[in-house]
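Remarks on the structure that follows.
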Amino acid sequence: MTERPCARTRRTAALLLTAAVALTTAACGEDTARGSSAAPSPTARLDGVWRTDGYGTLVSVEDGGHRLRTYDTTAVSCLPGTTEAKGNGSGRFTDAEGSGLTVAPDGSGRARMSFDEGVGHRTLRRVGALPADCTARTEPGERPDPRHVFDVFWQTYAENYPFFEKRRIDWTAARDRFRPRVTAKTTDDELFTVLRQMIEPLHDGHTSIVAGPDKRFGGIRAGTAMPTPESIARTDKAVAAAVGVPLRTWAQGAISYTDLPDGTGYLRITRFTRFAAKGGPEADLAELDRALDDILTPARTSGHRALRGLVLDLRFNGGGSDRLGIRIAERLTRTPYVAYLKHARNDPRNPRGFTPEVPVHVTPHSGRAYTGPIALLTGPLTISAGETFTQALEGRSPAPVRIGENTQGAFSDVLERKLPNGWTFGLPNEEFMRPGDRRTYDVTGLPPRVRTPVFTEEEFAGRRDSALAKAREVLAG
């Protein structure tokens, strides 16, 4: 799902799902008058140019904290980035679509940048003025040299992609193979084919390239069946039949729940984005809270009628905002814990050089919470934020029993970039790690504890839902 300019979610995974699932910040206050004679806010110190640790980004804050722009850099390029936002002088910025971010001072020459739709933060370090090539303009009608477009694309992956070794891809060999096919006369169609062929062997659900409405490519793990409107409808019908009782829905259909006859609850979440029709991340959080208030009633969370187990179904979840997943985790515990650690590539020459680890915490909700057993259903279409939510629940006590198949294996936020010719592309540049042993599940995905088929032809033909049946059996035991 392509990111909004300020949003840092993992939506590019939805190049796989966006066409099929056509189901998917609050204002930061008005701008302070520029001509005011009031003393400047302390955050006026934010004006200037900053470089992020990792992410290859320059951040320019201007006009007393009233304007923010990003620039994407590599060793061979500096281009205007995807983020352009207005501020109110307090360190809060909002883009034209309502997505917000915060920049806060963090010591001498340092600041932290946090996105409303994400978790964690990025460290900023003050630098000098923008390099001249960051603001260089292309003459009207001038076509960028396809070779430069290729070089920026290749270099961005070389400096930021963490998984070449895991995926057994020699990126230098890829450059040597494909670069001779690009000349000053290479057409757009030919160039798009070259770039697609370079990243297709990665089989990575967070890789993409968009050259126009009808010219786009999104990666996917080998062997994953691409969803279609027909397959989604078939899956929804099979789930409804297996559940056997009517489901109530919230969040524009993304969340559904019912009480099962055996005293357990069934909660299905099909995405972590577009919970609200408008209003951005804060509206999504408000809609999620409303749904959870309705679902986690006093009767279901305490007393003799409390749920004796909860089936949490993420088998078809294309991702979205990690923040929403953490919000749900906070309703499923009374004990604080670290959900996961995350870091980003930070050394262009060393694929294993990363920024310091940032812990993401689960802080229990102050109101009602469900703390009983959970059976968690996953599969290859549990992608991105669906996976980080699954990972976040590992630290819960009691830990959920994962049932089904491996998740997709695409955890990182998506690093959204532009090319000199105006095309956009995305790639992962982070690792999400399990606290303690620092293990990651990128590429392979999180494995189930109990393996069952998930939405296979055999399951459909036999009118079976083995994962749901096993979940009910586990919770009954």
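The values are calculated or read from the model by the stated rules, or taken from the named source; none is laboratory data. Quantities reported herein were computed from a predicted structural model and do not represent experimental measurements. Note: ideal-geometry Cβ built from the backbone for every residue, glycine included; neighbour counts use all protein chains shown. These area figures cover heavy atoms from the full protein model, side chains too; ligands, DNA and RNA do not enter into them. Shrake-Rupley method; radii C 1.70, N 1.55, O 1.52, S 1.80 Å.
Of all beta bridges that DSSP places with both ends in region 324-477, some 75 percent have antiparallel geometry. A simple spin-label model places the labels of ALA286 and HIS121 2.6 nm from each other, with each point 7 Å out along Cα-to-Cβ. Beta bridges per DSSP, both residues in the chain: antiparallel share near 80 percent. With the simple model of a label 7 Å out from the Cα in the direction of the Cβ, ALA299 to GLU142 spans 7.0 nm. Just the protein heavy atoms count here, and of the accessible area of the chain at 1.4 Å, carbon and sulfur take up 51 percent.
Each stretch of four or more DSSP H residues adds -39500 (n - 2.57); spread over every residue of the chain, this sum gives -6500 deg cm²/dmol at 222 nm.
Could you pull out every one of the lysines with an alpha carbon less than 27 Å from that of LYS237, ignoring same-chain neighbours closer than 8 positions? In chain and number order, the partners are LYS470. Give the shape of the chain as rounded, prolate or oblate, defined through the alpha-carbon gyration tensor: a ≥ b ≥ c are the square roots of its eigenvalues, a/c under 1.5 means rounded, and otherwise the shape is prolate if a/b is larger than b/c and oblate if not. It is oblate, given that a/c is not under 1.5 and a/b is not larger than b/c.
In nm, what is the difference between 0.36 nm times the number of residues separating ALA129 and ALA233 and their Cα-Cα distance?
32.1 nm
Bridging of LYS166 to lysines at a Cα separation below 20 Å is possible for LYS342, once same-chain residues fewer than 8 apart are set aside.
With the Cα gyration tensor of region 308-382 giving a ≥ b ≥ c as the square roots of its eigenvalues, does the rule (a/c under 1.5 for rounded; else a/b larger than b/c for prolate; else oblate) give rounded, prolate or oblate? Judged from the Cα gyration tensor, region 308-382 comes out oblate (a/c at least 1.5, b/c at or above a/b). Taking the Cα centre of region 438-477 as reference, the dipole from Cβ charges on Lys and Arg (+1) and Asp and Glu (-1) amounts to some 280 debye. By definition, a body whose alpha carbon gyration tensor gives a ≥ b ≥ c is prolate when a/c is 1.5 or more and a/b is larger than b/c, and region 259-356 fits this prolate description.
Computing FRET efficiency as 1/(1 + (r/R0)^6) for VAL76 and PHE460, where r is the C-beta to C-beta distance and R0 is 41 Å, gives about 0.25. Bridgeable lysines around LYS86 (alpha carbons under 23 Å apart, same-chain partners fewer than 8 residues away excluded): LYS278, LYS418.
Taking the Cα of ARG168, stepping 7 Å toward and past its beta carbon, and measuring to each backbone N in region 422-460: which are under 17 Å? In region 422-460, the label zone of ARG168 (backbone N under 17 Å from the point 7 Å along Cα→Cβ) covers 443-445.
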